[in-house]
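Novice: Questions regarding the structure given below will be posed in turn.
A short reminder: the numbers here are calculations on the coordinates, not readings from a lab. Nothing here was measured: the structure is a model prediction, and the numbers come from that model. So basically every Cβ, Gly included, is an ideal-geometry build from the backbone, and we count neighbours across all protein chains shown.
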Amino acid sequence: MGTQKPRAAVAADPILEQLTEADYLAIYRHMRMAREFENRIIKLYRQGKIVGGVYTGTGNEATSVGSAFALGKEDILLPLHRDIGAHLVRGQTARRLMCQYMGRRNGLTRGRDGNMHNGDHSLGIFAMVSHLGTMIPVAAGAALGGRLLGKDLVSMNYIGDGGTSIGDFHEGLNFAAVMNLPMILIIENNQYAYSTPTHQQYACADLVDRARGYGIPGVMVDGNDVLEVYAVASQAVERARAGKGPTLIESKSMRMRGHSEHDDHFYVPKDLLTDWEKKDPIRRFEKVLKEKGYIREGKLEEMGKKVLDELEEAVRFAEKSDFPEPHEAAEGVYAD
Ligand SMILES: Cc1ncc(C[n+]2csc(CCOP(=O)(O)OP(=O)(O)O)c2C)c(N)n1
Ligand SMILES: [Mg+2]
């Protein structure tokens, strides 16, 4: 109970010792794909080929991938707009996502909506509700539903630093705590909510300190360290599965691009970005892989090339795919 401040020396953590070389490489591949997928989407956006806006998780890859990697197959993921890495960990394909962003019929929302409110029940991914905070009660409901159905599932949801100011944050987290639900809420504290910096967002020292008020544990993690995120998320999942209730995790990181691609984030001090650039989560994990001896000569380039080839194939596939017909606009929108 109570708040734990940043964990030290997770390298020796027994949770990490269980990760195999294949796991390390899978984590790396997901992070790299998340970054490159979004880089590709940005280019397509500038060519006018994307339907809707483009919001990226550049800088958030360690948080989205590390956390989702801690989930089991039957668990439920409720991602937000910077969590493409989490979709990929659950098994979502670049092809399907590309069709989604290019507004094609075989995208996840079948060419309706913009692009990011997508889910996939076959992969345990609930589609994002745009109104910030509203996914927290949904995550609590998913955890409660799982319990009522006798399923051993955990729900994992995310919220931004700005989203923590919404009433649903309190309602959802309090409900989950009182009902002792197997839910994990990860605050992605990336220093800004659009142009609002954190000192104008909350007056407490750390958002994770709020956990104490709900009677649940709160853990702070370095959001640019994928192994630390994974270790802490795994402990929270284990706790939830053991019937010990929710955990609040605050992952500190930096939003490395504008709120979306229509925003040049002129209001973010440049030296702040330069400082965070040095902590890039992907470069950092590459160092770990090298130290562990998992990266032999040319391996990184080879993996990077595979990711880029897969993306080009996905773009070609999406460009050949059909847009929906106008009469399909309302199909499947309302329940029968
Ligand atoms: C209730 C609500 N208010 C406003 C918005 C518009 N909006 C979308 S994202 C965003 C900023 C959110 O900031 P934060 O929660 O810190 O997440 P970040 O975008 O930084 O990841 C805003 C204001 C919204 N989607 N929902
Ligand atoms: Mg934010």
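Novice: Under 12 Å between alpha carbons, and skipping anything fewer than 8 positions from K73 in its own chain: which aspartates and glutamates qualify?
Specialist: Straight-line reach from K73, under 12 Å: D152.
Novice: Within segment 278-336, list the GluC sites (Glu not before Pro) lying in a DSSP loop whose Cβ has at most 11 other Cβ atoms in a 10 Å radius.
Specialist: Passing sites in segment 278-336 are E297, E331.
Novice: Which of the lysines could a cross-linker span from K287 if the Cα-Cα distance has to be under 17 Å and same-chain partners fewer than 8 positions apart are dropped?
Specialist: Filter leaves K278, K279, K299.
Novice: Ok, one more. How long is the chain along each principal axis, judged by its Cα atoms, biggest number first, in Å?
Specialist: Here the Cα extents, ordered largest to smallest, are 57, 53, 42 Å.
Novice: State the percent of C-alpha pairs, over all pairs in segment 37-196, separated by a distance greater than 26 angstrom.
Specialist: Tail fraction, whole percent: 26.
Novice: To continue, here is another question. Compute from the Cα atoms of segment 135-206 the Rg and the Dmax, the latter being the longest Cα-Cα distance, and quote both in angstrom.
Specialist: Over segment 135-206's Cα set, Rg and Dmax evaluate to 13.7, 44 Å.
Novice: Something else: Under a plain spin-label model, where a point goes 7 Å from the Cα along Cα-to-Cβ, how far apart in nm are N39 and E291?
Specialist: 2.4
Novice: Just in segment 270-319: which trypsin sites (Lys or Arg not before Pro) are loop by DSSP and have at most 13 other Cβ atoms within 10 Å?
Specialist: Filter output for segment 270-319: K278, R296.
Novice: If packing is taken as the average number of other Cβ atoms within 10 Å across a peptide's residues, how do 92-99, 77-84, 165-172, 188-195 rank, most packed first?
Specialist: 77-84, 92-99, 188-195, 165-172
Novice: With the dipole of segment 254-295 worked out from charges on the C-beta (+1 for Lys and Arg, -1 for Asp and Glu) around the Cα centre, which of I295, L272, M256 lies farthest toward the positive end?
Specialist: I295
Novice: What size of dipole, in debye to the nearest 20, comes out for the chain about its Cα centre when the only charges are +1 on Lys and Arg C-beta atoms and -1 on Asp and Glu C-beta atoms?
Specialist: 280
Novice: With a length cut of 30 Å (Cα positions projected on each helix's long axis) and a Kyte-Doolittle mean of at least -1.0, go through the chain and give me the DSSP H helices that pass.
Specialist: TM-like helix candidates: 21-46, 299-320.
Novice: I've got another one for you. Bin width 10 Å, alpha-carbon pairs only: give the P(r) of segment 215-336 as whole percents, running from 0 to the bin holding the largest distance.
Specialist: Result, from short to long distances: 10, 19, 26, 29, 15, 1 percent.
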